[in-house]
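The values are calculated or read from the model by the stated rules, or taken from the named source; none is laboratory data. All figures in this text were calculated on a predicted structure; none of them were measured in a lab. Reconstructed Cβ throughout: ideal geometry from the backbone, glycine too, with neighbour counts over all protein chains shown. For accessibility, only protein heavy atoms count, side chains too; no ligands or nucleic acids. Shrake-Rupley method; radii C 1.70, N 1.55, O 1.52, S 1.80 Å.
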Amino acid sequence: MIENVLASRYVSPEILKIFEKKNRIILERSFWVSVMKLQMKYGLPITLKEIEAYEKVIGEIDLNSLNLREKTLKHDVKAKIEEFNSLANVQKIHLGMTSRDLTDNIELIQIKLSLDFIVDKCLLILKLLDEKINAYSSLLISARTHNQVAQLTTLGKKFADCAGEFLDAFINLETIIENFRFRGIRGAVGNNQDLSNLIDFKDIESLNDDLAQVFGFNKKYVSIGQIYPRSFDFKLISGFAQIGAAPSSFATSLRIMSGFDLMHEGFSEQQVGSSAMPHKKNPKNSERLNGLYLLLTGYANIAASLSGKQWNEGDVSCSVVRRVIIPDSIFALDGLLNTFIVILRDFQINEKKIREEIEEELINLYSSAYVMLLAKKGIGREDSHKMIKTSIELCDKNVEIFNNKIMLQSEGKISKSDIKKMMAKVDDISSNSKNICVAMSSEINKVLGNKSFDLSNLLVTEI
């Protein structure tokens, strides 16, 4: 059997367990039994003895037998029905149901179970980001636009930027979860024709309400065809991609900054960066995270191609696609979050290099401040812009030479004292950034303060 690379390398054990083949079969059988119990409650001729017969064999799974049945029947759900009936020696499951009554509900249950772990990992990431924001709120560092030194910022502000985007994505995911709907038993075309021939039509919605509660759902679909809307899959996986966006941007920046030896994702004593070059400390976690994010956006695009393409009340054209993108999008997101947790946990900085870069790039970092200083002294903004650009090109990063050129060209309007005051004000950028960091930390803690989660239970796969 060829392995699923995502499942074997990057996924947490608790997520993997949800989608493991035998565990899915157990979940399907448990679902059938739950339906039977409710059908008995609403008057179907099902006995406790028959239910117990099924319950006794829920865990007896012979994959070879199931595969042989499917090869003969050319239908996976029918093979599972016959296998379970054979083991229990009863034929009372799947009454009034169609295949999608089983498969769509099972997939929604798997997604819901997975989201519990995903939410806790998002909360952990917010907590780790908050720690970094506060730890580095005053540490000046060169900000970059177009990957070129631009102005001064603080490292805490960089983490705050990441946290702001991540928090927005998390709030969106919470909204998706809040409106997460159970499909329920709907029948072949969504009107429960078969089930209504077995129990009173007025009891069908009560049965579905009870079934939703069994599996932890607070809401359910009111009107659908054979399947729940595939636009939900698109919304869900797009939400996953949004969750991954901020970590991916941060990982991209970290890859760039590690090349300048300004910051690193951590490197253990026995770790090897390159099989060829012993000195290398390649940012492999950040690179992996970017790769997992690419998969997420790819799955979102695939989900978009299924949305709005369903024929009438339903067909199976989406089946093979969803068998891949539902588990794998969750695997990719889990792997991405695991990797980001490790990056944040092991993050390192090189303060010496950070200071050296600021000193070397001082004129460039202050260039726009010089424009504003000249403008305040009555020199036209565009003339100021041109004057500074020309002076930068001629001074070879020598601050003293640059200042002399500016004072000379300003014709006495700018003094050394003016420049000194301007530079002191720019240096105080840490105060502005610190205020932003405080505000962002407050936003994070509004979310964390309302949540209950146990960080010690989170298993983070690390390779």
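Taken as a whole, the structure places residue 96 among residues that are outside any helix (DSSP H, G or I) and within 28 Å of residue 181 (Cβ to Cβ).
Hey, does the stretch 27-45 have a residue that's closer than 16 Å to residue 327 by Cβ and not acidic (Asp, Glu)?
Looking for residues that are closer than 16 Å to residue 327 by Cβ and not acidic (Asp, Glu), one finds at least one in the stretch 27-45, hence yes.
Taking each residue of the stretch 51-73 that is under 10 Å from residue 84 (Cα atoms) and looking for partners that are open to solvent by 100 Å² or more (accessible area, probe 1.4 Å) and assigned to a helix (DSSP H, G or I) with beta-carbon atoms closer than 9 Å, six or more apart or interchain, yields 61/21.
Comparison of 127, 158, 132, 121 shows that the only residue that is touching a Leu at 6+ places or on another chain (Cβ under 7 Å) and open to solvent by 40 Å² or more (accessible area, probe 1.4 Å) is 127.
Quick check: anything in the stretch 189-202 open to solvent by less than 10 Å² (accessible area, probe 1.4 Å), assigned to a loop (DSSP other than H, G, I, E, B) and closer than 26 Å to residue 312 by Cα? Looking through the stretch 189-202, at least one residue is open to solvent by less than 10 Å² (accessible area, probe 1.4 Å), assigned to a loop (DSSP other than H, G, I, E, B) and closer than 26 Å to residue 312 by Cα. Checked against the criterion of being within 18 Å of residue 177 (Cβ to Cβ), in contact with a helix residue (DSSP H, G or I) (Cβ under 7 Å, 6 or more places away or on another chain) and among the charged types (D, E, K, R), the candidates 219, 235 yield just one match: 235.
Please tell me if residue 323 is open to solvent by 10 Å² or more (accessible area, probe 1.4 Å) and over 22 Å from residue 231 (Cβ atoms). It is false that residue 323 is open to solvent by 10 Å² or more (accessible area, probe 1.4 Å) and over 22 Å from residue 231 (Cβ atoms). Contact map, the stretch 353-366: residues that are under 16 Å from residue 422 (Cα atoms) paired with residues that are open to solvent by less than 20 Å² (accessible area, probe 1.4 Å), Cβ distance under 6 Å, separation 6+ or inter-chain. Pairs shown: 363/402; 365/152.
Listed here are the residues, each with its yes/no results for (1) under 21 Å from the mean Cα position of the chain (by Cα); (2) within 30 Å of residue 107 (Cβ to Cβ); (3) charged (D, E, K, R).
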{"position": "256", "(1), (2), (3)": "no, no, no"}
{"position": "263", "(1), (2), (3)": "no, no, no"}
{"position": "271", "(1), (2), (3)": "no, no, no"}
{"position": "292", "(1), (2), (3)": "yes, yes, no"}
{"position": "305", "(1), (2), (3)": "yes, yes, no"}
{"position": "308", "(1), (2), (3)": "no, yes, no"}
{"position": "322", "(1), (2), (3)": "yes, yes, yes"}
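Taken together, the criteria exclude residue 31 from residues that are touching a residue at least 60 places away in the same chain (Cβ under 8 Å), crowded, with 16+ Cβ neighbours inside 10 Å and farther than 25 Å from residue 197 by Cα. Restrict the check to the stretch 36-43 and report whether at least one residue is open to solvent by less than 30 Å² (accessible area, probe 1.4 Å), part of a loop (DSSP other than H, G, I, E, B) and either modelled with pLDDT under 95 or in contact with a strand residue (DSSP E or B) (Cβ under 8 Å, 6 or more places away or on another chain) (or both). No: zero hits. For the stretch 362-388, the set of residues classified as open to solvent by 30 Å² or more (accessible area, probe 1.4 Å), within 44 Å of the chain's Cα centre (by Cα) and closer than 20 Å to residue 424 by Cα consists of 362, 364, 367, 368, 372, listed by residue number. Looking only at residues of the stretch 204-225 that are among the aliphatic types (A, V, I, L, M) and part of a loop (DSSP other than H, G, I, E, B), we find that the one that is least open to solvent (accessible area, probe 1.4 Å) is 224.
Looking at the stretch 404-413, is at least one residue open to solvent by 70 Å² or more (accessible area, probe 1.4 Å), touching a His at 6+ places or on another chain (Cβ under 9 Å) and not in a helix (DSSP H, G or I)? So far as the stretch 404-413 goes, no, none of its residues is open to solvent by 70 Å² or more (accessible area, probe 1.4 Å), touching a His at 6+ places or on another chain (Cβ under 9 Å) and not in a helix (DSSP H, G or I).
For residue 286, the criteria (1) of a type outside the set (A, V, I, L, M, F, W, C); (2) open to solvent by less than 10 Å² (accessible area, probe 1.4 Å); (3) in contact with a His (Cβ under 6 Å, 6 or more places away or on another chain) hold in every case but one, which is (3). Taking the criterion of being in contact (Cβ under 8 Å) with a residue 24 or more places away in the chain and touching a strand residue (DSSP E or B) at 6+ places or on another chain (Cβ under 8 Å), the residues of the stretch 205-231 that qualify are 208, 211, 212, 215, 217, 219, 220, 221, 228. When residue 141 is tested against (1) β-branched (Val, Ile, Thr); (2) more than 30 Å from residue 233 (Cα to Cα); (3) open to solvent by less than 10 Å² (accessible area, probe 1.4 Å); (4) part of a helix (DSSP H, G or I), exactly one condition is not met: (4). Here the stretch 3-20 is the region considered, the condition is being of a type in the set (Val, Ile, Thr) and part of a helix (DSSP H, G or I), and the residue that is surrounded by the fewest Cβ atoms within 10 Å (Cβ to Cβ) is 5. Just one of the numbered conditions (1) open to solvent by less than 60 Å² (accessible area, probe 1.4 Å); (2) modelled with pLDDT under 95; (3) not in a helix (DSSP H, G or I) is not true of residue 185: (2). Quick test for you: out of 85, 67, 23, pick the one residue that is open to solvent by 60 Å² or more (accessible area, probe 1.4 Å), out of contact with any Ser or Thr (no Cβ under 8 Å at 6 or more places or on another chain) and not aromatic (Phe, Trp, Tyr). Answer to the selection: 67. Look at the stretch 39-50: where a residue is small (Gly, Ala, Ser) and a partner is not in a loop (DSSP other than H, G, I, E, B), sitting 6+ places away or on another chain with Cβ atoms under 9 Å, you get 43/203.
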